[in-house]
Amino acid sequence: MFRAAAFIVAIVLAAPSMLARQRPIQRPALPAAQSPPPYFPERFDWQHKKPDEVGMDAARLDEAVKAAIAAESPGTRDLALLLATSFGRNEPFDTPIGPVKARAAANGLIARHGYIVAEWGDPKSVDMTFSVTKTFLTTVVGLAWQRGLIHDVNDYARDYMPPSVDLFEAPHNQTIKWDHLLRQTSDWQGTLWGKPDWADRPEGATPADWPNRKLWDPGTHYKYNDVRVNVLALAALQVWRRPLPDVLREEVMEPIGASSTWRWHGYENSWVEIDGQKMQSMTGGGHWGGGMFINAYDMGRFGYLFLRNGKWKDRPIVSEKWMQMARTPGPANPTYGFANWFLNTGRKPLPSAPESAVYFEGNGANIIYIDWDNDIVAVIRWIRGGGALNDIVAKMLSALKSSTTVQR
């Protein structure tokens with residue numbers, strides 16, 4: 001009897017430990033798998049990967065490269081001659097006042113997830129990039145805005161000029177805002193560096209009509225015009241009070257590991273004095289020579305900075321808010337943001353690309369294509385106009401394997 005009771009008590013006392021052994025063991029939850037941080041190329045070392053390694057089909061990607069080579073601009077590679085027979089054929093005051101150099105053959109590169117997966121021609125060739133220079137210029141203006149040197153892009157530009165600078169003193173120019181200059185809607189009237197505003201892509205039935213063009217209220221009319229972009233460059237120089245190439249090099253090109261081969265040129269007569277020092281005002285393109293001379297690799301790094309939303313590794317360089325403004329179309333042109341942010345609004349300019357894609361384009365044509373949806377940057381140089389870019393982009397995106405393609 002006593003032994004039986006003791007046995008029962010032992011079972012009762014052991015029950016909690018037996019139940020504990022039967023319950024599932026509660027383990028701390030494992031952290032969710034995290035995607036690796038994005039790759040950023042080091043200076044002198046931009047890594048390559050095979051297309052397969054980044055979710056692209058090699059044969060189809062090769063078709064895009066072949067299309068870029070086949071689409072080379074038929075114009076002469078002697079760019080001095082090209083300027084004389086294109087812009088110069090229809091414009092007065094066409095004499096170049098900045099450096100001009102012969103170009104290389106068609107070249108470029110394609111990078112996905114940061115890695116170069118294709119390149120062609122001579123991407124190391126330092127060539128004129130024409131109006132892609134405008135994007136470097138507006139980026140420098142954006143850096144001034146980030147620093148608080150420009151309070152608001154909707155401020156009047158004349159309020160930032162010292163008394164000796166009369167860029168915006170004429171009645172028609174007084175209401176020009178930074179935003180108008182950035183969007184090429186300023187309709188600035190005047191002459192800068194010997195080039196009248198009306199002489200750039202002149203309008204009118206006869207040459208006599210050209211100087212008497214219609215005047216538009218600032219902000220209401222888009223007109224692609226290098227004189228007015230050069231006004232923006234001079235205004236930015238007055239705000240920075242430092243040569244703009246120095247600002248670009250220190251704030252952007254050095255941090256992203258660009259080479260030492262690029263040069264941003266002004267005109268032979270675009271020198272001004274600021275704080276007792278001679279400084280050259282820059283150009284926003286190569287219409288009369290000058291502008292950015294740069295290779296495809298450095299253009300690619302610049303585009304990759306924007307693909308990574310203005311950051312390089314852990315360093316913020318260009319404000320995401322500035323990028324948002326640059327990518328927002330203005331009321332006068334739904335496919336244009338800040339110069340030279342060409343937007344794919346409604347997928348009309350590039351039907352083969354996502355609507356969110358943008359491209360920086362200059363004469364030649366020189367293009368930096370940025371595609372956030374597909375994590376691609378491409379530099380495509382010296383292709384003809386028309387639908388060539390759309391065809392190349394279509395072939396490039398067709399190389400994406402279906403599981404990795406996202407288009408909005």
**Request:** Considering only residues that are modelled with pLDDT of 95 or more and either open to solvent by 30 Å² or more (accessible area, probe 1.4 Å) or part of a strand (DSSP E or B) (or both), look in segment 376-386 and name the one that is nearest to ARG112 (Cα to Cα).
**Result:** ILE376
**Message:** Given the criteria open to solvent by 10 Å² or more (accessible area, probe 1.4 Å) and not acidic (Asp, Glu), does TYR267 qualify?
**Reply:** no
**Request:** Could you tell me whether any residue of segment 62-80 is on the phi > 0 side of the Ramachandran plot, assigned to a loop (DSSP other than H, G, I, E, B) and modelled with pLDDT of 95 or more?
**Result:** no
**Verdict on GLY204 being more than 30 Å from ARG308 (Cα to Cα) and either open to solvent by 60 Å² or more (accessible area, probe 1.4 Å) or in contact with a His (Cβ under 9 Å, 6 or more places away or on another chain) (or both)** = no
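Mind listing whichever residues of segment 85-117 are in contact with a helix residue (DSSP H, G or I) (Cβ under 7 Å, 6 or more places away or on another chain), under 30 Å from ASN374 (Cα atoms), part of a loop (DSSP other than H, G, I, E, B) and open to solvent by 20 Å² or more (accessible area, probe 1.4 Å)?
The initial filter retains those residues of segment 85-117 that are in contact with a helix residue (DSSP H, G or I) (Cβ under 7 Å, 6 or more places away or on another chain), namely 91-94, 96, 100-103, 106-115, 117.
Then keep just the ones that are under 30 Å from ASN374 (Cα atoms); that gives 106-115, 117.
Narrowing further to those that are part of a loop (DSSP other than H, G, I, E, B): 106, 113-114.
Of everything in segment 85-117, just one residue is in contact with a helix residue (DSSP H, G or I) (Cβ under 7 Å, 6 or more places away or on another chain), under 30 Å from ASN374 (Cα atoms), part of a loop (DSSP other than H, G, I, E, B) and open to solvent by 20 Å² or more (accessible area, probe 1.4 Å), namely HIS113.
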**Conditions (1) open to solvent by 10 Å² or more (accessible area, probe 1.4 Å); (2) more than 30 Å from SER164 (Cα to Cα); (3) outside any loop (DSSP other than H, G, I, E, B); number of the one not met by GLN280** = (2)
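What tally of residues in segment 235-251 results from selecting those that are open to solvent by 10 Å² or more (accessible area, probe 1.4 Å) and assigned to a helix (DSSP H, G or I)? Lay out the reasoning, then the answer.
As a first pass, look at segment 235-251 and keep what is open to solvent by 10 Å² or more (accessible area, probe 1.4 Å): 238-243, 245-246, 249-251.
Those still in the list that are assigned to a helix (DSSP H, G or I) too: 238-240, 245-246, 249-251.
Residues in segment 235-251 being open to solvent by 10 Å² or more (accessible area, probe 1.4 Å) and assigned to a helix (DSSP H, G or I): 8 in total.
Tally the residues that are part of a loop (DSSP other than H, G, I, E, B) and acidic (Asp, Glu), restricting the search to segment 121-149. I'd like the intermediate steps shown before the answer.
Just the residues of segment 121-149 that are part of a loop (DSSP other than H, G, I, E, B), to begin with: 121-126, 129, 148-149.
When the remaining residues are screened for being acidic (Asp, Glu), the result is 122.
Residues flagged as part of a loop (DSSP other than H, G, I, E, B) and acidic (Asp, Glu) within segment 121-149 amount to 1.
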**Fill in**
A careful count of residues in segment 62-84 that are open to solvent by 50 Å² or more (accessible area, probe 1.4 Å) and among the polar types (S, T, N, Q) gives 1
**Request:** Scan segment 271-288 and give yes if some residue there is touching a residue at least 60 places away in the same chain (Cβ under 8 Å) and within 20 Å of ALA378 (Cα to Cα), otherwise no.
**Result:** no
**Filtered residues of segment 314-330 (kept if at pLDDT 95 or above, of a type outside the set (Lys, Arg) and in a loop (DSSP other than H, G, I, E, B))** = ILE317, VAL318, SER319, THR328, PRO329
**Prompt:** Has segment 335-348 got at least one residue that is among the β-branched types (Val, Ile, Thr), more than 21 Å from ALA111 (Cα to Cα) and either surrounded by fewer than 22 Cβ atoms within 10 Å (Cβ to Cβ) or at pLDDT 95 or above (or both)?
**Reply:** yes
**Message:** Can you pull out every residue in segment 119-135 that is open to solvent by 10 Å² or more (accessible area, probe 1.4 Å) and on the phi > 0 side of the Ramachandran plot?
**Reply:** GLY121
**Request:** Quick one: in segment 177-213, of everything that is in a loop (DSSP other than H, G, I, E, B) and hydroxyl-bearing (Ser, Thr, Tyr), which residue is farthest from ALA235 (Cα to Cα)?
**Result:** THR206
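Does GLY364 count as of a type outside the set (A, V, I, L, M, F, W, C), surrounded by 15 or more Cβ atoms within 10 Å (Cβ to Cβ) and assigned to a loop (DSSP other than H, G, I, E, B)?
Numbers: of a type outside the set (A, V, I, L, M, F, W, C): yes; surrounded by 15 or more Cβ atoms within 10 Å (Cβ to Cβ): yes; assigned to a loop (DSSP other than H, G, I, E, B): yes.
So GLY364 fits the description; yes.
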**Prompt:** For segment 298-317, does any single residue satisfy the condition of being open to solvent by 50 Å² or more (accessible area, probe 1.4 Å), over 30 Å from LEU400 (Cβ atoms), without any contact (Cβ under 8 Å) to a residue 60 or more places away in the chain and over 19 Å from the mean Cα position of the chain (by Cα)?
**Reply:** no
**Asked** Listed residues TYR359, TYR304, TYR297; which is part of a strand (DSSP E or B), of a type in the set (Ser, Thr, Tyr) and within 24 Å of MET128 (Cα to Cα)?
**Response** TYR359
**Request:** For residues that are surrounded by fewer than 19 Cβ atoms within 10 Å (Cβ to Cβ) and either modelled with pLDDT under 95 or hydrophobic (A, V, I, L, M, F, W, C) (or both), tally how many sit in segment 168-192.
**Result:** 1
**Complete:** Of SER398, SER356, the only residue that is open to solvent by 20 Å² or more (accessible area, probe 1.4 Å) and within 18 Å of the chain's Cα centre (by Cα) is SER356
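The values are calculated or read from the model by the stated rules, or taken from the named source; none is laboratory data. In this text the structure is predicted, and so the values were computed from the model without any measurement. Glycine gets a Cβ as well: all are built from the backbone with ideal geometry, and neighbour counts include every protein chain shown. Surface areas here come from the heavy atoms of the whole protein model, side chains and all, with no ligands, DNA or RNA. Shrake-Rupley method; radii C 1.70, N 1.55, O 1.52, S 1.80 Å.
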